[in-house]
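This report concerns only the one structure given below.
Since every read-out is calculated from the coordinates, none of them should be taken as a lab result. From a predicted model like this one, the values you see are computed outputs, not experimental measurements. Here the Cβ is made from the backbone with ideal geometry for all residues, glycine too, and neighbour counts use every protein chain on show.
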């Protein structure tokens, strides 16, 4: 696992901070499983019902309400943990970009994977609005920019564009696909191919 992924995962309080308290190995493992189950359940529930309560989330995770509040005393804390988990997931996807071979197909595949991830975390996309870039978000952008620069050096991509600008546009394209799909304005099979074609044209 890359350093970036490790650092990002450490932002998720329930997965590391809670489990780091002095407990038996078995108890720590149970705590981590419960924490992960809670975050995954919360992500799924909020994607379907943005107004879901902590009780709704506890029921979906098959945990007691008291257990949920032991991990997260406020709903805002839970949302922050979901955001950190989403960042860890996108960092992990970007870290899998190949170090050799054609760049364009890899970027199209990354776009498709990123859209899938965006749909998983669509509660954040639709309800949380703009937040200041986090270290993980900046690292994702910079990693994509370096990947684009590699394609430019190899003569595969247009060198007249700044890699950093193209990387930012790439991330914007991901959001441009996720938002209308999440709002029911476009079907997934319509939005993703169209955005993929736009990306290829941009890179040509």
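Arrange the following residues from fewest to most other Cβ atoms within 10 Å of their Cβ: 188, 74.
The order, fewest Cβ neighbours first, is 74, 188.
Taking the alpha carbon gyration tensor of segment 50-90, multiplying each eigenvalue by 5 and rooting it gives semi-axes of 19, 11, 10 Å, largest first.
Work out, in µm²/s and without decimals, the Stokes-Einstein translational diffusion coefficient of segment 43-114 at 10 °C, 1.306 mPa s, Rh from Kirkwood over C-alpha pairs. The estimated diffusion coefficient comes to 110 µm²/s.
Starting from the Cα of residue 127, move 7 Å in the Cα-to-Cβ direction to define the label point; list residues of segment 76-113 whose amide nitrogen is under 14 Å from there. In segment 76-113, the label zone of residue 127 (backbone N under 14 Å from the point 7 Å along Cα→Cβ) covers 76-83. Annotation for residue 70 and residue 104: the two label points, set 7 Å from Cα along the Cα-Cβ direction, are 5.5 nm apart.
Ordering of 112-119, 150-157, 39-46 by packing is 39-46, 112-119, 150-157, highest average first (other Cβ atoms within 10 Å, averaged per residue). Between the C-alpha center of segment 87-110 and that of segment 151-167 there is a gap of 16 Å.
With a simple spin-label model that places each label point 7 Å from the Cα along the Cα-to-Cβ direction, the separation between residue 93 and residue 153 comes to 2.6 nm.
Sorting 181, 138, 148, 93 from the fewest to the most surrounding beta carbons within 10 angstrom yields 138, 93, 181, 148.
Neighbour counts of other Cβ atoms within 10 Å put 201, 120 in the fewest-to-most order 201, 120. Projection of the Cα convex hull of segment 97-203, averaged over all directions and equal to a quarter of that hull's surface, yields 6.7 nm².
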